[in-house]
1. Are any residues in the range 86-104 within 13 Å of Q53 (Cβ to Cβ) and surrounded by 13 or more Cβ atoms within 10 Å (Cβ to Cβ), and if so, which ones?
2. With the requirement that a residue be at pLDDT 80 or above, in a helix (DSSP H, G or I) and farther than 21 Å from E239 by Cβ, what does the range 286-334 give you?
3. Mind checking which residues of the range 122-159 are out of contact with any Phe, Trp or Tyr (no Cβ under 8 Å at 6 or more places or on another chain) and over 20 Å from Q208 (Cα atoms)?
4. Considering only the range 27-146, give the helices (runs of 4 or more DSSP H) lying wholly within it that have at least 2 residues that are without any contact (Cβ under 8 Å) to a residue 60 or more places away in the chain and either more than 27 Å from I4 (Cβ to Cβ) or in contact with a strand residue (DSSP E or B) (Cβ under 7 Å, 6 or more places away or on another chain) (or both).
5. From the list R271, R278, exactly one residue is closer than 25 Å to C231 by Cβ, modelled with pLDDT of 85 or more, surrounded by fewer than 18 Cβ atoms within 10 Å (Cβ to Cβ) and not aliphatic (A, V, I, L, M). Which is it?
6. Go through L83, L60, L8 for me and flag whichever is farther than 29 Å from L113 by Cα and either open to solvent by 20 Å² or more (accessible area, probe 1.4 Å) or touching a helix residue (DSSP H, G or I) at 6+ places or on another chain (Cβ under 9 Å) (or both).
7. Testing C231 on (1) under 21 Å from Q152 (Cα atoms); (2) open to solvent by 50 Å² or more (accessible area, probe 1.4 Å); (3) at pLDDT 90 or above, one condition comes back false. Which one is that?
8. Can you spot a residue in the range 29-50 that is open to solvent by less than 60 Å² (accessible area, probe 1.4 Å), out of contact with any helix residue (DSSP H, G or I) (no Cβ under 7 Å at 6 or more places or on another chain) and farther than 30 Å from L204 by Cα?
Amino acid sequence: MPLIRADLRLALTAGLANAFATLSPLSFGIYMPLAVLAVCSGTLGGSMVLGQQRILGSLLGMALLLLGMKGLAGISFPLAIALTLGTLRLLGGLLGLEVGYKVGGFIVVMGWLVHDQQLASWVPLRLFWTVAGIVVGVLSMRLLWPARALPQAWRQLGAMLGTIASSLDQVADQLEQPKGGPDPDGSSPVQALRQQLGALRGGLKAVQSELGDPGRHHPQLRLMLGFQEACSTLITVVEGLLRHAPPPGATGSLVALQQGEADLVRAVADRLRQWAPRIAQPGADSLAPPPPSAWTPPESWRQLQPLLTDATVADTDLLRLRRHATRLVLCGQAERTMARTELLWRSLAPGAAPPPVGASGRSRP
């Protein structure tokens with residue numbers, strides 16, 4: 001149903017824009033429906049980003065077109081247009097344009113080759129119709145079956161937390177029942193998680209455009225960045241724990257150490273499953289409430305300190321000790337990440353009660 005609505009919205013908006021441009025006495029009205037088709041992406045924020053890119057690219061292309069046709073009139077045409085397009089690409093990169101420079105290049109080529117005798121009318125009319133199409137497209141995304149980037153980003157983040165929790169369960173199983181070495185398929189889930197995190201970060205500009213806060217000071221943005229940082233850290237933890245899986249044959253205190261690590265990993269996974277439904281459906285203009293109680297690591301993890309001086313641990317081989325040390329560092333990193341993220345969440349959520357003293361869960365074995 002959302003896909004059908006998006007198609008109907010695009011068809012209706014582009015059709016109305018084309019009818020208005022056709023009935024208008026102004027020339028070059030075809031650029032209005034083209035702009036509508038270009039900016040009506042999946043979300044309102046995405047449309048706003050594309051609209052800004054097209055306007056900046058159009059202004060830059062028109063300025064370089066006029067300067068190039070006058071300043072480079074004394075050299076050969078192929079060299080002149082090549083220099084102009086190269087300058088456009090360079091300035092577009094400096095301005096952070098991702099798609100806008102393509103629009104600017106189209107303006108340079110079309111203006112130089114086709115409309116060179118009518119630049120005085122073509123340049124302002126093309127800009128007018130482009131801006132009009134962008135405005136109509138953004139308004140349709142906002143008023144007609146609106147699709148906002150912010151709720152979609154929270155839902156994607158909630159789904160990612162669930163995926164990380166499943167990967168942590170896999171790690172905990174490996175800690176409790178060692179298989180004899182690193183997981184041969186360990187890189188596959190990590191690679192998929194990194195791609196998912198990259199997609200989330202790629203949609204941040206659309207969220208910023210909707211919230212009108214390019215400086216990333218909005219509470220929604222700050223919390224979303226905090227969750228993304230936590231996801232990045234936990235992905236690194238998953239990768240490290242899979243790579244430094246314990247070999248079989250542990251005895252005595254080594255078994256207790258592995259069990260404490262497994263308990264912590266499961267506790268992190270369970271907490272992520274509590275986070276996911278809370279952030280997946282927040283209100284449009286309000287933060288999701290944090291869990292009522294602060295996260296604390298399991299008791300078995302907090303009681304690992306005496307085991308580190310046990311004779312069984314001291315007499316084990318160097319390779320096993322190195323793997324234990326690496327896993328302890330990674331587990332401690334996961335523990336601190338959970339505590340830090342919840343602390344940020346509680347500080348940003350309106351009316352949230354602060355966690356009790358000593359409940360941050362920051363204890364190291």
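1. Correct list: G92, L95, L97, E98, V99, G100, Y101, K102, V103, G104.
2. Across the range 286-334, the qualifying residues are E299, S300.
3. Initially, the range 122-159 is screened for residues out of contact with any Phe, Trp or Tyr (no Cβ under 8 Å at 6 or more places or on another chain), giving 123-124, 127-128, 131-132, 134-156, 159.
Hits for the range 122-159 are V123, P124, L127, F128, V131, A132, V136, L144, W145, A159.
4. On the way: elements: 31-39, 44-71, 77-94, 100-113, 119-143.
Where helices (runs of 4 or more DSSP H) fall fully within the range 27-146 and carry at least 2 residues being without any contact (Cβ under 8 Å) to a residue 60 or more places away in the chain and either more than 27 Å from I4 (Cβ to Cβ) or in contact with a strand residue (DSSP E or B) (Cβ under 7 Å, 6 or more places away or on another chain) (or both), they are 44-71, 77-94, 100-113, 119-143.
5. Working: R271 fails: surrounded by fewer than 18 Cβ atoms within 10 Å (Cβ to Cβ).
R278 is the lone residue from the list that is closer than 25 Å to C231 by Cβ, modelled with pLDDT of 85 or more, surrounded by fewer than 18 Cβ atoms within 10 Å (Cβ to Cβ) and not aliphatic (A, V, I, L, M).
6. Working: L83 fails: farther than 29 Å from L113 by Cα; L60 fails: farther than 29 Å from L113 by Cα.
Every option except L8 fails the conditions.
7. Tallying (1) under 21 Å from Q152 (Cα atoms); (2) open to solvent by 50 Å² or more (accessible area, probe 1.4 Å); (3) at pLDDT 90 or above, C231 fails exactly one: (2).
8. The answer is no, given that none of the residues of the range 29-50 is open to solvent by less than 60 Å² (accessible area, probe 1.4 Å), out of contact with any helix residue (DSSP H, G or I) (no Cβ under 7 Å at 6 or more places or on another chain) and farther than 30 Å from L204 by Cα.
The values are calculated or read from the model by the stated rules, or taken from the named source; none is laboratory data. Because the structure is a prediction, the values reported are computed rather than measured. Cβ sites come from the backbone with ideal geometry, for glycine too, and all protein chains shown count toward neighbours. We work out accessible area using only protein heavy atoms, side chains counted, and drop any ligands, DNA or RNA first. Shrake-Rupley method; radii C 1.70, N 1.55, O 1.52, S 1.80 Å.
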